[in-house]
Structure formats: C-alpha cells, structure tokens
Amino acid sequence: MTSAAADEAVNTPAARGVTQILTAAELAAWGRDRGDAGALIMAARLLAEVPLRQTEGDSDGETPFLTATSLLDEAAAMAGDNVGVIDAIERLRDPLTRGVRSSTFGTGPVLTVKSLQARERWAFDVEARGGEILRVAAIGDGDTNIDLIVRDANGAVVCRDGFGDHYPVCTVSPRAGGQMRVDIVNRGDVWTKVQVLSN
C-alpha cells in the first residue's frame, strides 16, 4: 500500500531492495502453486541480488526461511530427474556461496526474523528520514495471514495493509521524518514465522 506523498519522495536503493524481495516471495508462491521449478530458480536469483543487514537482538536467534539457497533446494526437489533444471540450479549455487559481488542496492534493507504465536502482535520503532520513502514488509511463512500497520509519532495510522495475505507491505514518506511505530499482527489461529524487512 502506497501513500500519495510517497510519489514525491526519493526511492532509495534499500527501499527498492525490499520491493525486489517481495517480488521474489510472490514469484516463489506462484511457482509452488504451479509446480514450476523455473519460477523458484528465478525467485532465488532475485533474492541473491539483494544484500541484507540482519539485525541482532530482536530476532531471538531465528534464521531467515526465505533465502536463495532454500528456494534452490525447493526447485531441486520439484525438478525430480529433469537434468536441465538440476544443471541450472547447480550453476547458481556456486556464486551464491561466494555472496553478492556487486549490487545496485547499496547497503541493502534490514532483515529481522520473528516467530509470532496465534493472534500475537509485535511492534517496534523505526526512525524515518524526511523526503525518503520508508518501505516495510512482513513476509510470513504461508501458514496464516499477516497484517502490517505503520503509525506516526502521534499514533495516527499512516499505512495499513490487511488484505488477508502473508506478505503485507507499507510504503510511506513522512515529509519531516521522525520516529514511526510498526505493528506486525498474526491474524491466524496458528503460530507463524515472519521475515520483516525495512530500509
């Protein structure tokens, strides 16, 4: 969900990185639904291009579940004995082990991983820069719906994504910058793991 003010703001490399990771998540979901290993391979390539800065302290030792390597593993399982697909996967694995060599995403978005119990809400503060797009995304593991709400320093809701999917995103552009509050809500009856990204 995008605010009108965001159209006039600077779209930073890290904000574009969040968008690319969301695209990879959606492409991976599309590939799983159709049994298309090629879609998972493409999603892995999209993910591999974006360097991430994983936070410490908030993630409770959780590790990301949506990674380029995990998508290639899924693609390999889906490919069966298709030699061409297996070959394409193996050609991608070696560069992945060496990390991102070049990127248009600067230092990349921040990544935090969190497990949320059924109906649990988790909130954290971010410092937004005036005149720059702030993009926050929450990618769930697919078990349940996730809602995302962003509030300004006065508590007013500036963005809400509660469309009933497991990868909500908010894009806002506070003109003056300042502290904002992000709420992630597990709307389901089961626990879920969430990868939270912000620039």
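Among 157-165, 118-126, the peptide with the highest mean count of other Cβ atoms within 10 Å heads the list, and the full ranking is 157-165, 118-126.
Label separation (Q54 vs I86): 3.0 nm, computed from points 7 Å beyond Cα along the C-beta direction.
Using r as the Cβ-Cβ distance of N154 and R119, and R0 as 35 Å, what FRET efficiency do you calculate, to the nearest 0.05? The partial results should precede the final answer.
On the way: r = 26 Å, r/R0 = 0.76.
Computed FRET efficiency for N154 and R119 comes out at 0.85.
Largest first, the extents of the alpha carbon coordinates of segment 127-199 on the three principal axes equal 38, 21, 17 Å. Modelling each spin label as a point 7 Å along the Cα-to-Cβ direction, I'd like the T69/W30 distance in nm, to one decimal. Roughly 2.7 nm, to one decimal.
No value in this document is a laboratory result; all are computed from the given coordinates. If you're wondering where the values come from, they're calculated on a predicted model, not measured in any experiment. Quick reminder, even Gly has a Cβ in these numbers, built from the backbone with ideal geometry, and neighbours come from all protein chains shown.
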